[in-house]
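Structure first, commentary second.
The values are calculated or read from the model by the stated rules, or taken from the named source; none is laboratory data. What you see is a predicted model; the values in this text were computed from it and never measured. Glycine also receives a Cβ, built like all others from the backbone with ideal geometry; neighbour counts cover every protein chain displayed.
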Amino acid sequence: MAVETTVAILGGSGELGQGLGVALARAGVRIRIGSRELERAVQAAEAIRASVADAEVEAATNADAVSGAELIVVAVPFATQAGLLKDLKAHVSDGQVVLDATVPLATAVGGRPTHLLGVWQGSAAQQARSILPSTVGVVSGLHTLSAADLLSAGRTAAQDTLICGDSKEDKALVSSVIGLIDGIRVVDAGPLAMSRLVEGLTPLLIGINIRHKVHAGIQITGL
Ligand SMILES: NC(=O)c1ccc[n+]([C@@H]2O[C@H](COP(=O)([O-])OP(=O)(O)OC[C@H]3O[C@@H](n4cnc5c(N)ncnc54)[C@H](OP(=O)(O)O)[C@@H]3O)[C@@H](O)[C@H]2O)c1
């Protein structure tokens, strides 16, 4: 199925970027892999094509990747998120929506992956909001999805991803794209300020993964 939305994945050469790239390509979504280095983006796009033969995937530098993309996924470590977004401020356009997957893990300061850092603005997503122009939407999500799960085609366990944002329209766009991934249900978890709680689920899951040697996800019941 061809999908009209173009999704730029910044940090697309990384673990989440590759997993998401493969999952979206499999769902027929047109994607653009962004990297600091064009060559790394080209290699990452080739890896996605190797997994999904008919993938609609382009490669670009992060700055070029955002041009014309309706949805821009930020998939970089917390230590680099603010710097990346400051660099991109000049390249984003009114009406674009940023989907921020950043988790402020303590690994950013040499700490443990099971610990969460405090962020002045309240969460990594709110930090993104404070940097980007107000004409660009910010939604947070994907925090509890495992890159390894996204890569594997035969996932059996259905799971949810919680999204937070202050605009219903922006969340609807994210939901319509991410909801195309097989086995993933997108659940609206409220305003962007709720991201502080959602981001905290990741270190919890990392601890469970280490203890049980799994790729754990979450599922909200009763919906
Ligand atoms: N891995 C997961 O399963 C997962 C799941 C949910 C959420 N997350 C969150 O998603 C984000 C990305 O996670 P990840 O595991 O994919 O990270 P990663 O593989 O360590 O890094 C992702 C990409 O970020 C870019 N990057 C690294 N250092 C950078 C710097 N100094 N400046 C600019 N870009 C830099 C690199 O791309 P280039 O070198 O090509 O520019 C790298 O490939 C994190 O915030 C993480 O907490 C991860």
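For the range 144-174, the tally of residues that are at pLDDT below 95 and of a type in the set (Asp, Glu) stands at 1. I'd like to know if the range 57-72 contains one or more residues that are among the hydrophobic types (A, V, I, L, M, F, W, C), in a strand (DSSP E or B), under 20 Å from Lys171 (Cα atoms) and touching a strand residue (DSSP E or B) at 6+ places or on another chain (Cβ under 8 Å). The answer is yes, given that some residue of the range 57-72 is among the hydrophobic types (A, V, I, L, M, F, W, C), in a strand (DSSP E or B), under 20 Å from Lys171 (Cα atoms) and touching a strand residue (DSSP E or B) at 6+ places or on another chain (Cβ under 8 Å).
Whether any residue in the range 131-152 is surrounded by fewer than 20 Cβ atoms within 10 Å (Cβ to Cβ), more than 21 Å from Leu205 (Cβ to Cβ), without any contact (Cβ under 8 Å) to a residue 24 or more places away in the chain and over 18 Å from the mean Cα position of the chain (by Cα) is what I want to check. Yes: the range 131-152 contains one or more residues that are surrounded by fewer than 20 Cβ atoms within 10 Å (Cβ to Cβ), more than 21 Å from Leu205 (Cβ to Cβ), without any contact (Cβ under 8 Å) to a residue 24 or more places away in the chain and over 18 Å from the mean Cα position of the chain (by Cα). Just to be sure before I move on: is Gly11 closer than 24 Å to Ala125 by Cβ, crowded, with 22+ Cβ neighbours inside 10 Å and within 10 Å of the ligand (Cβ to nearest atom) in the structure I sent? Answer is yes for this residue. Can you name the residue in the range 73-101 that is part of a helix (DSSP H, G or I) and of a type in the set (A, V, I, L, M) and, of all such residues, is surrounded by the most Cβ atoms within 10 Å (Cβ to Cβ)? Looking at residues that are part of a helix (DSSP H, G or I) and of a type in the set (A, V, I, L, M), I get Leu85. One residue is enough: does the range 161-168 have a residue meeting the conditions in a loop (DSSP other than H, G, I, E, B) and in contact (Cβ under 8 Å) with a residue 24 or more places away in the chain? For the range 161-168, residues in a loop (DSSP other than H, G, I, E, B) and in contact (Cβ under 8 Å) with a residue 24 or more places away in the chain: present.
In the set (1) under 24 Å from Ser130 (Cβ atoms); (2) within 15 Å of the ligand (Cβ to nearest atom); (3) more than 14 Å from the chain's Cα centre (by Cα), the condition left unmet by His215 is number (1). Filtered by the rule that a residue be touching a His at 6+ places or on another chain (Cβ under 8 Å) and either modelled with pLDDT under 95 or of a type in the set (Val, Ile, Thr) (or both), the range 190-216 gives Val198, Thr202.
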